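What follows is a set of notes on a single structure, which appears directly below.
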Amino acid sequence: MDVKTAVTQPAQPDNSAGISPRWNAILLAGDRPGGDPLAQHFGVASKALVPIGGRAMAAHGLATLLAHPRIAQVTVLAQDPEGLLAHADLSPFRDDPKLHLARSGQGIAGSVAATLRALPDPWPVLVTTADHVLLDRAMLDWMFDHAGGSDVAVGLVSRAVIEAEQFDTRRTWLRFRDADVTGANLFALTTPRAFAALDYWQGMEAHRKSPLRLAWGLGPVLLLAILLRRLSVAAAFAAIGRKLGVSAAPILIPHARAGV
């Protein structure tokens, strides 16, 4: 894995402000092999540089992460992070002491795992994506406040929340006994046992848009339970965690924008 990471020891918690723990964050800003059609359409080198709201896509989430007081360090993970930060919309962040760069290798999960192993003290860490342009402090606070007690926590938004806020958006829905949910591109990894989940994800990345194939990799019994909607969201994550040897939990975020 060719991952080059510039890291420093994360700052200690600011106990005087009552803020604990201090989180690391990884912003996924790479492109899949063959390039991104959206980037090609806009004539930019990477999807992370596609202009949205007057500035490069990645600038929105990066600004939010760097400004959050509970985040000690933000690592931009991409094939060419230096090239991204040379863009006019991102270059103002280069001198921020919280910002670090990591060069990705083959695959998202493997690159995240390699980046974590290079950090002197990675836990806990939040992983999100450069296309999460609506990311805000409220979403991050919700993740940080509810990620305790599990090795891996995944941010989700229910169909009820999105429909209540009248967001007209096409989403991939995961259907459980108690709710239909969609991903929020927010993942909390809190202990070294999270590497087991990253190992599984690395083997299944080719099927990331196919929930049924992902479930099949966990075994036909769990697949059948999901198909028949016999499991609640929490029970499904608990079962997946047991299969992988980790404690896993969903975090249902009450903000529709998190699922857009």
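The values are calculated or read from the model by the stated rules, or taken from the named source; none is laboratory data. All of these numbers come straight from a predicted model, not from anything done at the bench. With ideal geometry, Cβ positions are generated from the backbone for all residues, glycine too; neighbour counts draw on all protein chains shown. Heavy atoms of the whole protein, side chains included, go into the accessibility calculation; ligands, DNA and RNA do not. Shrake-Rupley method; radii C 1.70, N 1.55, O 1.52, S 1.80 Å.
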- Task: Treat each spin label as a single point 7 Å out from the Cα along the C-beta direction, and report the ASP96 to GLU82 distance in nm.
- Result: 2.1 nm
- Task: Take the chain, connect every pair of alpha-carbon atoms lying under 10 Å apart with a spring to form a Gaussian network, then pick out the residue of GLY149, GLY61, GLY107 with the largest mean-square fluctuation.
- Result: GLY149
- Message: Quick check: with the 1.4 Å probe, what order do THR129, THR172 take by accessible area, largest first?
- Response: THR172, THR129
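Run the accessible area of segment 120-242 with a 1.4 Å probe and give the carbon-and-sulfur part as a rounded percent.
55 percent
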- Task: Mind checking the full-extension length gain between GLN106 and ALA234? Use 0.36 nm per residue of separation minus the Cα-Cα distance, one decimal, nm.
- Result: 42.9 nm
- Query: Say we join alpha carbon atoms closer than 10 Å with springs in a Gaussian network model of the chain; which of ASP151, ASP96, ASP121 then has the biggest fluctuation?
  - Reply: ASP96
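Nothing charged except the Cβ atoms of Lys and Arg (+1) and of Asp and Glu (-1): what's the magnitude of the dipole of the chain about its Cα centre? Round to the nearest 20 debye. Each step should come with its number before you reach the end.
Numbers: 25 positive and 22 negative charges, 163 e Å.
Here the size comes out at about 780 debye.
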- Query: What is the distance in Å between the Cα centres of segment 216-238 and segment 77-141?
  - Reply: 32 Å
- Task: Could you give the size of the charge dipole of segment 130-260 about its Cα centre, using +1 on the Cβ of each K and R and -1 on the Cβ of each D and E, expressed in debye and rounded to the nearest 20?
- Result: 560 debye
- Query: Is the shape of the chain best called rounded, prolate or oblate, per the rule: a/c under 1.5 gives rounded, else a/b larger than b/c gives prolate, else oblate, with a ≥ b ≥ c the square roots of the Cα gyration tensor eigenvalues?
  - Reply: rounded
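Considering only protein heavy atoms and a 1.4 Å probe, what is the carbon-and-sulfur percentage of the accessible area of segment 71-118? If you can, show how the numbers build up before the last one.
Details: 970 of 1910 Å².
Carbon and sulfur atoms account for 51 percent of the accessible area of segment 71-118.
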- Message: Along the charge dipole of the chain, pointing to its positive end and built from +1/-1 on Cβ of Lys, Arg, Asp and Glu, which listed residue (PRO51, THR129, ALA194) has its Cα farthest out?
- Response: ALA194
- Amide hydrogen neighbours beyond the local backbone of PHE176, cut-off 5 Å, H modeled: VAL181
- Item | Residues whose placed amide H lies under 5 Å from that of ARG22, excluding near-sequence neighbours | none
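In Å², what does the accessible area per residue of the chain work out to with a 1.4 Å probe? The partial results should precede the final answer.
On the way: 12580 Å² over 260 residues.
Value for the chain: 48 Å² per residue.
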- Message: Under a crude label model (7 Å from the Cα following the beta-carbon direction), how far is ARG242 from THR191 in nanometres?
- Response: 1.7 nm
- Item | Most mobile of VAL246, VAL76, VAL44 in a GNM of the chain (Cα contacts under 10 Å) | VAL44
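Tally the DSSP beta bridges in the chain and give the antiparallel ones as a percent, rounded to 5. Could the numbers behind the result be given before it?
Numbers: 15 of 36 bridges.
Given both bridge residues lie in the chain, the antiparallel proportion sits at roughly 40 percent.
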- Note on the structure: Extension length gain for ARG171 and ARG32 (0.36 nm per residue less Cα distance), in nm, is 48.0 nm
- Residue-wise, which Karplus ³J(HN,Hα) couplings in Hz belong to segment 93-108, taking 6.51 cos²θ - 1.76 cosθ + 1.60, θ = phi - 60°, and x for glycine or proline? 7, 4, 8, 5, x, 7, 8, 9, 10, 9, 8, 7, x, 8, x, 5
